[in-house]
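Below you'll find the structure, written out as structure tokens, and then a few comments.
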Amino acid sequence: MDDISRNALARARGALDVVAAGPGQSAGRSVGRLIRSLAMSDDMDAAAAFIEAQNWVEKDAIGRVMKAAVPGLHLGSLPADTITADFMAALRPYAVLSRLDKARRVPTKTRVIAFGAGAAAFRVGERKPIPISRASLVGIQIDSKPKVAGVSLATRELLAVPGIETDIALGLDLAAATGAAEDAVFLDPTVTGSILNGAPTAVSVGVNTTGVDADLQKAIELLLAAGGDLRDAAWVLSPAAAAKVAGLRGTGGAASFPGIGPNGGELLGLPALTSATAAGKLILIDQSGIIVDRDAGAEITRAESATLQLSDAPTEPPTAPEQLVSLFQTDAVAIKAVLHRGWAVRAGSVATYITGGTW
């Protein structure tokens, strides 16, 4: 078993106990079984026979997807079934946008009303006129669905290994790659449309408990000054930064921030999410200012005879021939997932971030 196989199986084992798509089902399993069915044969009859021979509870759902397949399997165009739900459940731990539970879910191209500033009420004395205030309303809509994609490689030896660990490994490996790609767009201040593009920012003041607390307070100050609301706010930071914060100790050796860890938790009573893409930044988001496409779609395709440029910064044309790998020559299969999910933010800033220091 090569490194690709080992890494995929290790990722599956680490996620078995923490991610579940439903009772008795681990997220990624159905997608992994679909991937295996896709990769087993170019012949549809042979693939159908392979599926029929398996003792899978989602066998019928996978069979329907295979029968409807065109060059790309568009999960978003299918009924809400086992496969679609499983892919979105597998994606959740790896994509910040999937974990913003207080962001509003709306259809694409649907204009919704958001409060820029709410109405105010006043204490009024007897027989005194009641002051009148006016709410500020803004309209926002999701105009497009940014496309983010991830590619996962698997050897034929891995695909041939029966068992639930292999199925989960394939699904989670693809979900992790896709989630990281979306986070890179969603949280990159240099990308137009990112929630951090043009957001207020500040530089960290230190790496000890006092410095971290000052950074947290500064982020809150910046968000409030930009018109954000703390009631629906959430932190985003990298797993490494969260582990550092968890290790800080105050007087007497007690944890300064006991609610946080590498998998997230709480900071100052607000939920904290972790993403490797947030490395170098402490981010504070007002979720009420974000709308998310509820009709997110994805497509899964596979290739067996392509030549891939193994780089996270590919060039066109390739400048490093040693990065080119033939799938046919290495007896490997490439699985590509493309996620189409749009978002939009309320006018003004709905997020802020601190850079440097612990982050």
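The single residue among ALA169, ALA202 that is modelled with pLDDT of 80 or more, in contact with a helix residue (DSSP H, G or I) (Cβ under 7 Å, 6 or more places away or on another chain) and not in a helix (DSSP H, G or I) turns out to be ALA202.
Every condition in (1) surrounded by 21 or more Cβ atoms within 10 Å (Cβ to Cβ); (2) of a type in the set (A, V, I, L, M, F, W, C); (3) in contact with a strand residue (DSSP E or B) (Cβ under 9 Å, 6 or more places away or on another chain) is met by ALA226 except one, and the failing one is (1).
Considering every residue within the range 183-191, establish whether at least one is modelled with pLDDT under 95, over 30 Å from ILE35 (Cβ atoms) and within 22 Å of the chain's Cα centre (by Cα). Within the range 183-191, one or more residues are modelled with pLDDT under 95, over 30 Å from ILE35 (Cβ atoms) and within 22 Å of the chain's Cα centre (by Cα). Looking at the range 250-261, is at least one residue in a strand (DSSP E or B) and of a type in the set (Phe, Trp, Tyr)? The answer is no, given that none of the residues of the range 250-261 is in a strand (DSSP E or B) and of a type in the set (Phe, Trp, Tyr).
Got at least one residue in the range 320-338 being surrounded by fewer than 17 Cβ atoms within 10 Å (Cβ to Cβ), among the charged types (D, E, K, R) and closer than 25 Å to ALA225 by Cβ?
Step one: of the range 320-338, the residues surrounded by fewer than 17 Cβ atoms within 10 Å (Cβ to Cβ) are 320-326, 328-331.
Okay, now just the ones that are also among the charged types (D, E, K, R), so 322, 331.
Right, trim to closer than 25 Å to ALA225 by Cβ and you get none.
No, the range 320-338 contains no residue that is surrounded by fewer than 17 Cβ atoms within 10 Å (Cβ to Cβ), among the charged types (D, E, K, R) and closer than 25 Å to ALA225 by Cβ.
Among residues of the range 144-172 that are touching a residue at least 60 places away in the same chain (Cβ under 8 Å), those with a Cβ under 7 angstrom from a residue that is basic (Lys, Arg) and in a strand (DSSP E or B), sequence gap 6+ or separate chain, pair up as ALA149/LYS336; VAL151/LYS336.
Looking at LEU216, is it in contact with a helix residue (DSSP H, G or I) (Cβ under 7 Å, 6 or more places away or on another chain) and either at pLDDT 90 or above or of a type outside the set (Asp, Glu) (or both)? Write out each step before concluding.
On the way: in contact with a helix residue (DSSP H, G or I) (Cβ under 7 Å, 6 or more places away or on another chain): no; either at pLDDT 90 or above or of a type outside the set (Asp, Glu) (or both): yes.
Answer is no for this residue.
Residues of the range 261-301 that are in contact (Cβ under 8 Å) with a residue 24 or more places away in the chain and more than 22 Å from the chain's Cα centre (by Cα): LEU268 alone.
Do we find a residue being touching a Gly at 6+ places or on another chain (Cβ under 8 Å), modelled with pLDDT of 85 or more, surrounded by 18 or more Cβ atoms within 10 Å (Cβ to Cβ) and within 30 Å of ARG36 (Cβ to Cβ) anywhere in the range 298-311?
First, the residues of the range 298-311 that are touching a Gly at 6+ places or on another chain (Cβ under 8 Å): 298-301.
Right, trim to modelled with pLDDT of 85 or more and you get none.
Scanning the range 298-311, I find no residue that is touching a Gly at 6+ places or on another chain (Cβ under 8 Å), modelled with pLDDT of 85 or more, surrounded by 18 or more Cβ atoms within 10 Å (Cβ to Cβ) and within 30 Å of ARG36 (Cβ to Cβ), so the answer is no.
State which residue is surrounded by the fewest Cβ atoms within 10 Å (Cβ to Cβ) when the search covers only the range 83-119 and only residues that are at pLDDT 85 or above, touching a Lys or Arg at 6+ places or on another chain (Cβ under 9 Å) and part of a helix (DSSP H, G or I). Filtering first and then ranking leaves ARG92. Among the residues of the range 331-351 satisfying the criterion of being of a type outside the set (A, V, I, L, M) and touching a Leu at 6+ places or on another chain (Cβ under 9 Å), which is modelled with the lowest pLDDT? Looking at residues that are of a type outside the set (A, V, I, L, M) and touching a Leu at 6+ places or on another chain (Cβ under 9 Å), I get SER349.
The values are calculated or read from the model by the stated rules, or taken from the named source; none is laboratory data. From a predicted model like this one, the values you see are computed outputs, not experimental measurements. A quick note on method: Cβ atoms are made from the backbone with ideal geometry, for glycine too, and the neighbour counts reach across all protein chains shown.
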